[in-house]
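The structure appears right after this line, and notes come after that.
The values are calculated or read from the model by the stated rules, or taken from the named source; none is laboratory data. Small disclaimer: the values here were computed from a predicted structure and weren't measured. Positions of Cβ are backbone-derived with ideal geometry, glycine not excepted, and every protein chain shown enters the neighbour counts.
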Amino acid sequence: MRVSTRVRVLAGASLASLLLSGSIAYAQETPEETAVDETDRRLDSVVVTGFRDSLAEALDLKKESTGVVDAIVAEDIAAFPDLNLAESLQRIPGIAIDRQAGEGRRITVRGLSGDFTRVRINGMDALATGGGSDASGGTNRSRSFDFNTFASELFSQLVVRKSQSASIEEGSLGAVVELQTARPLDYDAGWTFSLSGQALYNDLVEDTSPRLAGLASYKSDNGRFGALLSAAFQDRTIREEGFSSVRFDDLGTFRSVDGVDCIGADPLSAGCDEVRNSYYARIPRYGRLTYDQERTGLTGAVQFRPTDKTTVTIEGLYSELDAQRDEEFLQVFVRSNTDNIAVTDYNVNSDGVLDYLQGDVLADASNGIIPMRSEHRRDYYTTEFNQFTIEVEHDFSDQLRGSFFAGQSSSNFDNPVQATVFFDAANPVEGYSYDFRNNLELPAISYGNTDVTDPSEFLFTQFRNRPQGSENDFETVRADLEYDFSNNLTLSGGLSFKKYDFSTREIRIDGNVADLDGFTESPTVSGDLVGLVTGYGNGLDYGSNDTSWISANWDAAIALSGILDISGDIASRPQDNRSVEEEDLGGYVQLDFETELSGMLLRGDVGARYVETTTTASGYVPGDGGLALRTVENSYNDFLPSINVVLEANDQVQFRGGIAKVMARPSLGNLTPGGSLDTFSGEPYSFSIGNPDLDPYRATAYDLSAEWYFAEESLLAVSFFYKDVESFFLTPASTEVAFSTLGLPAGVASSTSPLGEDLADGLDPIVAVSQVTNGGDASIQGMEFVYQQPFFFLPGLLQNAGFVGNLTYVDSDEIRNFSEISHNMTLYYETDRFSARISGAYRDEYQTRAPNGSGRTEGREDRGVASTYNVDLSVSYALTDQLDLTFEGINLTDEFEHQTFDQLNLPTLYHHTGRNFLVGARYTF
C-alpha cells in the first residue's frame, strides 16, 4: 500500500512538533540557570560519537557560514554509509535525486536540475559523466554531474552552497556542490589507518559482492608534513526487472476487430473506430537488465608547511566505473504492426485506454513484418576520471594573506560496444494478449500458441552496433588576496581563468543476417546461438506464466555477424558528433564585515564578480551532398553583484538573507551549430539547428531564513527562496534568412535536389531557420524546513536517540524536472558502542516533458516520474575502540522506478532492482 504525500508530510511534521514541544516544555519547567546546568549534566553523561558528532560538525558549518550552506561530514574515516555520492547528498535539505539501476545518479537542488548546478572537487570545477540504458537517458551529454561514478568513501565532506557570494565562481542557478577528499594535516600526529570491508547481498540477484575501502595517513610530530592515500573498490552485480511500454499511442488502424475488416473501411465500424481511437501500449514488454560493474577510486594528498606562514597542498583523485550491461526483452511491436493485428477481443476503459487486447499478430518476413521479437543488447562502458590540483597559501603579514591554485580534471566516458542482436518469431503469434485490467503497471502478457522457450520458433534476423562516448576537461588557475583592515573588516579579491572542453561522438552500424556471406535468408536459431532467460519475475506480481524465453547467446551471435569489425563514420549520427570549448576570465572583489546593530551582531559580505566567457562550438550539418562542419564563436560578459547578511539576535537565533545576480551557461546540446537541413522541400527550405550564440541563463536569486539553535546539536529553521530567471530558453522559433548567410558550402545539397538546383542556377534561396533562443522569463520559488535534535531531555536510555529531518516545497510554472514536495527524515540511536539509524527519503512525482497539446487529449506526450519513498537502515557496534561491526540495509521497500506517460500516468517503465544488505567491519588505528 502506498502512503500519500500528505500523510507522510503530516506524520513527519507531527513527530517533529511533538519532540520539539517536549524539549521546549522541559526547558520552560525549570529556571534558566537550572536548565543550563541540567543540560550540561545530561550532555556529560552522553558520549557524542560517530553520527552525532558528524551532525554537530555539519551544524557548526551551517551556523558559522555567511551564505546559505548545508553540509554532510563523514562520521568516521571513510565512513559515508551510502552506495554513492548522490545517495549521500539526498540527506541535505532541498536536494532530490534521480535513481537509475537502483542507484542515485543525478541531483536536483531546489527544483533545478544538474544543468543549473556546479560541482567542485577539492576546490575546482569538475564534471563526471557516464552512460545508462535508453530509458535512463543513455550517454550523458549535458552539464549534469553523474554522482554514481564515485564511491562515497573517497570523500570526507560534502558542502552545498545554495546562495552566491562574489568569491564563489559563477555558473550556477541552483547551488554549488563542494566535494572534499581527506587531507593528512587534518588528522592527529603520527600514522592513521582505516580499513573497511563489506559483503553486499542483493535479494533480486541473490548474489554477494565485495565493497572495500582503506586509508593511510601520516602527519609529522611538528605538523609540518603530511601524506595520505585512500582507496575504495566495489564489484557489484545489479539486476533490473519489470515492464515497459516505451510509450502509448493512438490512431492506429488495426487489421480487423471482432472479424470486421478495418483496413480501407470508410466509415470504420464501431469496433474498429473505438480501438483506433484508444491509447494502446506501443511495445509492451517484460525485460531484464543485468549490470556487472566495478567502481574503483584512489585519492592522494601531500601537504607541507615550510614555515608557519605557508601551506602547500597537492591532491590527486582517480576514479573508474567499469561496467557491462545486458538488456534482454521479449516484445511485440504493436506500434508498427497495428494493420497486421487481428483483434479478437478487447476492452477500452473509461479513460479511453485499450487495457485489454487479444488477437493474432500476423507475419510477413518479405515486408519486414515482425510478429514478436527477442532482443539482447550488450554495452561495455567505462567512465575514467582524473584530477590533479596544487594550492599554495601564504600569510604575508598578520593582515595580508594570499593563495594560488591550479588544477586539471578530465572525465572520459567510452562506450565502444553497444551491440544488439534480434531474434524474430518465424510464424504468426496466434492468441497474443496483454491485459492491464488488474494491474496498470504490470500487465499479464501471453504469447498464445508460441512456445517462447523453443529456439526453432525464432529466426536470427538483424544486428546493430552504436559505439559512442563523451569527454569533459577542465583547467583552472586562480589567485586570491585577503587584507584585514580590522578584526571586523576584510577586503578580498582575485582573478581566475578556466577552460572547459566538451566533445561527444557516436556512429551507428546496422545489418541483416540475410546479407552476410553464406546466408540467403535469416537462419533458424540453433546451436551456439541459443541463449535463455530463466528465473524471471522474482518479486513481480505480473500475472503471466512466462518466466523464461529465448534470448541470443550474445557472444556467438555477434561473432557470426562480424559487426564489431565493421567501421562506420559520423554521417550515421552527425548530431552526436560535436564539441564546445569555453574560456572564462573572471575577477571579483568582496568585503566581509562584522558590526553591531541594536546590540545584535550583524555580519555578512558584499561584492561583485565580473566574468567574460568565450565559446567555440562545432557541429555537423548533413545534406544530400555530404556533411559540412560548422564552427561558431560567441562571447558574452556578466556583472554579478551579491550581498549576504546574518543577523545574530542572540546565541541561539539568527536570521540570514541574501540577494545575488547569478548565471548558468547554456545547455551543451543547445550550443551545437550542427543541425538538419531539408534539401527537398520547396522554398523556404527548413534548417533545424542548435544556437551557438545563446547567452547564459541569468537570474536574480533571493534567500531568507530564520534559524533557532535552541539546544546543543539542535536546530529548527525555515528558509524561503525565489529565483527570477530573466533569460530562460524559448522553444524553437523560426527565422527566414538567405542561404548564403548560413556559412554552409553549396555541397551539402545534392545537384538533384531542389535546393541544389537553385544554388546551381546562382540563386540565393530562402531558408527558415528553427532554433532555441534566449528571452523567456521563468521563476522558481519554495521553502525548506529543518528540524534536528538529540533527545537528551528524555529519561534513561532514550536520551541516546535523536532526529534529523527536512522538508522542501518547490513551485514553478515554467521549469520542469522538479518535485513539489521532497523530504528526508532520520531517526537515530547512539551510545559510545552502539549506533543505529533508519532514514526515509521521499520525492514527489515530477514532470520531465510537458504535454504538446496535440493528439487525442491535451495531456498527450506528457512524460513524468512517479513518486518514490526509499528507506535505508544502518547499524554498527564497536567491539573495541578500533573495531566496528556494521550492517546496512539499502532500499528496504524495494522501490520501483516508475516512469509515466500522459496525464493518465500510463506506465512507460516500471522496474525494480531489489533490496541490498551489507555486512562488514571497519578497523581504525
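Worth a mention:
- Where strands (runs of 3 or more DSSP E) fall wholly inside region 648-700, the ranges with 3 or more residues that are modelled with pLDDT of 95 or more and either more than 26 Å from the chain's Cα centre (by Cα) or of a type outside the set (A, V, I, L, M, F, W, C) (or both) are 653-664.
- Matching residues in region 599-632 - criterion: being closer than 30 Å to Thr752 by Cα and not in a strand (DSSP E or B): Asp624, Gly625
- For Gln157, the criteria (1) surrounded by 23 or more Cβ atoms within 10 Å (Cβ to Cβ); (2) within 28 Å of Gly920 (Cβ to Cβ) hold in every case but one, which is (1).
- Residue check, Thr735 loosely packed, with under 13 Cβ neighbours inside 10 Å and of a type outside the set (Phe, Trp, Tyr): yes
- Top-ranked residue in region 563-581 [being hydrophobic (A, V, I, L, M, F, W, C) and crowded, with 19+ Cβ neighbours inside 10 Å; ranked as nearest to Ser503 (Cα to Cα)]: Val580
- Those residues of region 236-256 which are closer than 17 Å to Asp435 by Cα and in a strand (DSSP E or B), in sequence order: Gly242, Phe243, Ser244, Phe248, Asp249
- Hey, Arg282 crowded, with 18+ Cβ neighbours inside 10 Å and either among the polar types (S, T, N, Q) or out of contact with any Lys or Arg (no Cβ under 6 Å at 6 or more places or on another chain) (or both) or not: no
- Qualifying residue in region 252-274 (condition: within 36 Å of the chain's Cα centre (by Cα), touching a residue at least 40 places away in the same chain (Cβ under 8 Å) and surrounded by fewer than 17 Cβ atoms within 10 Å (Cβ to Cβ)): no
- Strands (runs of 3 or more DSSP E) wholly inside region 257-375 that include at least 1 residues being in the same structural domain as Asn84 (by TED's automatic domain parsing) and out of contact with any helix residue (DSSP H, G or I) (no Cβ under 6 Å at 6 or more places or on another chain): 285-307, 310-331
- Out of Asp624, Asp546, sole residue that is of a type in the set (Asp, Glu) and closer than 30 Å to Tyr286 by Cβ: Asp546
- Hits in region 45-90 - residues which are at pLDDT 90 or above and part of a loop (DSSP other than H, G, I, E, B): Ser65, Thr66, Gly67, Val68
- Among the residues listed as Arg609, Arg603, the single one being touching a residue at least 60 places away in the same chain (Cβ under 8 Å), crowded, with 16+ Cβ neighbours inside 10 Å and over 31 Å from the mean Cα position of the chain (by Cα): Arg603
- Scanning region 511-549 for residues that are of a type in the set (D, E, K, R) and either part of a loop (DSSP other than H, G, I, E, B) or modelled with pLDDT under 95 (or both) yields Asp515, Asp517, Glu521, Asp541, Asp546.
- Conditions (1) surrounded by fewer than 24 Cβ atoms within 10 Å (Cβ to Cβ); (2) in contact with a Ser or Thr (Cβ under 8 Å, 6 or more places away or on another chain); (3) aliphatic (A, V, I, L, M): number failed by Ala166: (1)
- Residues (crowded, with 23+ Cβ neighbours inside 10 Å and either in contact with a Phe, Trp or Tyr (Cβ under 7 Å, 6 or more places away or on another chain) or not assigned by TED's automatic domain parsing to the domain that holds Tyr809 (or both)) located in region 90-105: Gly104, Arg105
- Members of region 111-129 found to be more than 12 Å from the chain's Cα centre (by Cα), farther than 16 Å from Gly174 by Cα and of a type outside the set (A, V, I, L, M, F, W, C), listed by number: Asn122, Gly123
- Test: residue in region 474-490 that is touching a helix residue (DSSP H, G or I) at 6+ places or on another chain (Cβ under 7 Å), buried (at least 21 other Cβ atoms within 10 Å of the Cβ), in a strand (DSSP E or B) and assigned by TED's automatic domain parsing to the domain that holds Ile390: no
- Residue check for Ser635: free of Cβ contacts under 8 Å to residues at least 24 places away in the same chain and in a strand (DSSP E or B): yes
- Every residue from region 491-525 that is exposed (fewer than 15 other Cβ atoms within 10 Å of the Cβ) and acidic (Asp, Glu): Asp510, Asp515, Asp517, Glu521
- Any chance Asp764 is without any contact (Cβ under 8 Å) to a residue 60 or more places away in the chain, acidic (Asp, Glu) and under 19 Å from Phe687 (Cβ atoms): yes
- Counting only strands (runs of 3 or more DSSP E) that fall entirely inside region 170-232 and contain at least 3 residues that are closer than 18 Å to Leu918 by Cα and touching a Ser or Thr at 6+ places or on another chain (Cβ under 8 Å), the qualifying elements are 190-202, 207-219.
- The residue pairs whose first member lies in region 830-845 and is more than 30 Å from Leu906 (Cβ to Cβ), whose second member is assigned to a loop (DSSP other than H, G, I, E, B) and at pLDDT below 95, and whose beta carbons are closer than 6 Å, counting only pairs six or more residues apart or on different chains, are Asp832/Val47; Asp832/Thr49.
- Qualifying positions in region 286-314 - in contact with a Lys or Arg (Cβ under 9 Å, 6 or more places away or on another chain) and within 30 Å of Asn340 (Cα to Cα): Arg288, Leu289
- Test result for Asp528, surrounded by fewer than 17 Cβ atoms within 10 Å (Cβ to Cβ), among the acidic types (Asp, Glu) and touching a helix residue (DSSP H, G or I) at 6+ places or on another chain (Cβ under 7 Å): yes
- In region 823-837, the condition of being surrounded by fewer than 22 Cβ atoms within 10 Å (Cβ to Cβ), farther than 22 Å from Glu888 by Cβ and not aromatic (Phe, Trp, Tyr) is met by no residue.
- Of all residues in region 311-349 being surrounded by fewer than 19 Cβ atoms within 10 Å (Cβ to Cβ) and of a type in the set (S, T, N, Q), the one that is farthest from the chain's Cα centre (by Cα): Thr344
- Reported count of residues in region 901-925, each being assigned to a strand (DSSP E or B) and touching a Leu at 6+ places or on another chain (Cβ under 9 Å), is 14.
- Being among the aliphatic types (A, V, I, L, M), within 33 Å of the chain's Cα centre (by Cα) and assigned to a strand (DSSP E or B) is a property that does not hold for Ala571.
- Within region 404-444, being of a type in the set (Gly, Ala, Ser) and assigned to a loop (DSSP other than H, G, I, E, B) holds for one residue alone: Ala426.
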